[in-house]
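Inspection log for the structure reproduced underneath, given as structure tokens.
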């Protein structure tokens with residue numbers, strides 16, 4: 001009975017979303033205040049009913065209600081409760097429900113925090129998001145109902161959650177990623193609302209900017225967690241595979257990066273207005289494309305829970321509708337709002353333009369590599385795969401290209417600057433970095449390594465430039481540091497740029513200096529790698545809550561000192577019979593020691609992979625800094641004054657906004 | 001020049017330079033880095049290139065896995081029930097690699113028709129079959145299995 005209530009709640013949410021998509025939009029077109037006023041209420045009601053549906057599904061999982069098809073397929077009575085909860089989104093139907101839940105969460109946030117906005121804007125934005133909610137709720141109800149029952153043939157126990165997903169990282173990775181993915185619908189909705197109103201001015205950019213930063217920050221964190229999870233849970237120590245599913249989340253991130261920077265120029269200077277709108281449309285379209293790639297089953301991946309052509313077709317049609325509709329609207333409206341603001345070649349605007357060009361081109365090349373095999377297959381021209389060498393060859397040079405400009409960006413002035421001033425600001429840090437790069441590039445274990453030298457040069461250039469800028473703002477004539485001069489926007493940007501430099505350092509160091517060996521080891525065998533001595537001291541077996549495990553104990557020592565006792569495992573999950581590799585990792589800021597078990601060979605011997613991974617943590621620390629930096633920017637005072645202004649009556653704003 | 005025109009000129013020249021660089025990179029990178037998929041029957045028929053990276057997919061033949069006692073070398077046969085190809089791989093095999101299961105091996109064919117694999121991919125879960133393998137096996141039946149009309 002209870003799952004049926006969930007289904008009914010979902011249907012009610014769908015009806016409310018239809019009302020949200022239609023009524024306030026109609027009110028905005030007809031200047032009907034009471035119709036527009038309905039938007040926040042409707043948005044909150046959609047959220048309420050989606051939350052009810054989600055809670056009911058979660059309850060079904062926690063109470064082992066195996067009459068519900070998705071519970072039977074993805075849970076088991078032996079599964080620990082925390083994984084029963086995360087199993088809610090460890091399957092196609094539930095993860096779609098999470099998608100809608102987070103979308104409605106963003107709608108509610110807009111309803112609450114946008115009281116400073118003209119009513120007509122709020123009405124249009126929420127209507128656009130309501131339209132997206134209609135699409136996804138219809139998708140859920142028509143093709144992927146999470147409340148489908150297995151009656152009367154209810155199984156006694158469930159099939160268990162895929163062991164790869166029985167992990168703490170997977171409890172938070174999907175919600176964070178979806179926060180970012182779905183959050184890009186907010187700048188999209190703002191862009192569409194601005195196009196509808198024909199008012200693409202700086203105020204539009206100021207409203208949508210904090211939302212974009214937050215969404216992009218969550219997306220960064222989500223991608224980081226995914227990479228980290230793949231590193232320790234897929235068992236083999238890789239951190240980025242250029243897998244189509246990774247690309248599905250990476251493309252909106254790249255486009256979002258361009259959007260975040262373009263919005264800055266639009267807000268501050270009123271330039272790139274039409275371009276920014278286009279970026280907002282593309283970023284969300286890529287989110288939808290990602291959803292299509294992941295959910296339609298056209299890809300081979302852990303994320304592709306089920307292959308069902310009907311589902312793919314549904315998202316494809318919705319994608320065409322959203323992209324086609326918004327581009328049509330853009331074509332009709334955008335030319336009338338072209339900007340008339342000038343700037344010179346040496347200015348912050350042109351540097352932001354370089355950022356935009358590079359990140360757009362990067363998105364396009366990743367998109368080409370991701371879609372190429374699908375297009376070839378669709379036209380029966382052969383089954384191709386495009387591997388990491390392609391992506392590395394096109395992506396790495398682009399990032400190297402953008403980094404020299406990252407230093408000048410924050411330092412430079414709007415509208416007009418001089419190369420002489422840049423030189424004056426950057427000559428000392430520049431020379432210091434060249435020296436450092438030459439030293440670090442030369443003095444490492446393997447002799448001169450040009451990639452390491454380049455990475456140190458570029459990352460050092462970016463970070464020292466950022467720090468020079470920080471110093472310039474904080475230092476004062478009397479020798480006291482004036483930290484209060486820094487605002488949240490600046491701190492956020494600085495953190496994110498330093499994070500980017502850290503990611504580059506981590507990526508290059510771990511790629512260049514990684515040491516890895518696949519071996520056959522028996523008890524008592526000793527190997528050395530990366531200056532560490534590995535001794536296999538014990539092999540044994542034990543039991544977990546829902547699995548049986550083979551484990552091996554390694555004594556890792558350096559110069560006679562014990563570094564760690566590492567215990568990699570090979571688990572066999574009882575319900576599904578699936579085998580899982582649990583790697584053992586000794587982590588630190590400068591290096592990870594990584595051991596994974598392959599398979600048993602002969603008597604008391606195992607195939608073992610030993611890895612020494614220098615600076616691999618910098619990747620995720622850097623990505624964490626990027627994400628947190630973006631989130632910090634919403635504490636900037638100028639967005640708070642916007643909120644404070646909202647205390648004033650806003651009814652009069654309606655007429656003005658027309 | 002009018003500042004707005006100058007701005008456009010900067011923008012257009014930047015776009016031209018960057019996109020031509022990107023297209024150059026893409027063409028260069030795609031040239032060597034895409035792998036075509038071949039079912040075992042095509043490999044045996046000599047349709048697959050030698051010494052070029054390809055992917056091969058099918059089922060691992062029961063009883064064909066041979067492991068070395070001292071090294072991590074493994075050889076096995078991959079079949080689409082029409083023809084079989086020997087695959088040699090040195091390293092750790094994925095968790096779900098097993099006899100009678102679907103597999104995709106990436107590597108180069110040597111002159112003897114043996115695929116020297118650099119990577120072996122198996123399924124992600126029990127019920128999942130790589131789409132290429134499913135397509136390769138389409139219309140072919142395992143010995144002893146009734147064909148589905």
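Just so you know, all these numbers are worked out from the coordinates, no wet-lab data involved. Quick caveat: nothing in here was measured; it's all calculated off a predicted structure. Note that each Cβ is placed from the backbone with ideal geometry, even for glycine, and that neighbours are counted across all protein chains shown.
Here is the figure for the range A:546-555: residues that are surrounded by 20 or more Cβ atoms within 10 Å (Cβ to Cβ) and within 17 Å of residue A:608 (Cα to Cα) total 2.
Quickly run through the range A:63-96 and pick out the residues that are within 23 Å of residue A:11 (Cα to Cα) and free of Cβ contacts under 8 Å to residues at least 60 places away in the same chain. Scanning the range A:63-96 gives A:88, A:93, A:94.
Residues that are touching a strand residue (DSSP E or B) at 6+ places or on another chain (Cβ under 8 Å), surrounded by fewer than 24 Cβ atoms within 10 Å (Cβ to Cβ) and in contact (Cβ under 8 Å) with a residue 40 or more places away in the chain do not occur anywhere in the range A:207-227. Only residues that are in a helix (DSSP H, G or I), more than 10 Å from every other protein chain (Cβ to nearest Cβ) and over 17 Å from residue A:360 (Cα atoms) were counted in the range A:370-413, giving 9. Checking each residue in the range B:48-90 for being away from every other protein chain (no Cβ under 14 Å), more than 17 Å from residue B:136 (Cα to Cα) and in contact (Cβ under 8 Å) with a residue 40 or more places away in the chain picks out B:50, B:51.
Just one of the numbered conditions (1) in contact with a helix residue (DSSP H, G or I) (Cβ under 8 Å, 6 or more places away or on another chain); (2) closer than 21 Å to residue B:94 by Cβ; (3) more than 14 Å from chain B (Cβ to nearest Cβ) is not true of residue A:551: (1).
Here's the yes/no breakdown for (1) free of Cβ contacts under 8 Å to residues at least 12 places away in the same chain; (2) touching a strand residue (DSSP E or B) at 6+ places or on another chain (Cβ under 6 Å); (3) away from chain B (no Cβ under 14 Å); (4) surrounded by 16 or more Cβ atoms within 10 Å (Cβ to Cβ):
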{"residue": "A:561", "(1), (2), (3), (4)": "yes, no, yes, no"}
{"residue": "A:570", "(1), (2), (3), (4)": "no, yes, no, yes"}
{"residue": "A:576", "(1), (2), (3), (4)": "no, no, no, yes"}
{"residue": "A:611", "(1), (2), (3), (4)": "no, yes, no, yes"}
{"residue": "A:614", "(1), (2), (3), (4)": "no, yes, yes, yes"}
{"residue": "A:628", "(1), (2), (3), (4)": "no, no, yes, yes"}
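Checking the range A:338-359 against the condition returns a match, with at least one residue being within 9 Å of chain B (Cβ to nearest Cβ), without any contact (Cβ under 8 Å) to a residue 12 or more places away in the chain, in a loop (DSSP other than H, G, I, E, B) and surrounded by fewer than 20 Cβ atoms within 10 Å (Cβ to Cβ). For the range A:585-609, filtered to residues that are over 27 Å from residue B:73 (Cα atoms) and either surrounded by fewer than 19 Cβ atoms within 10 Å (Cβ to Cβ) or without any contact (Cβ under 8 Å) to a residue 12 or more places away in the chain (or both), the residue that is farthest from the other protein chains (Cβ to nearest Cβ) is A:589.
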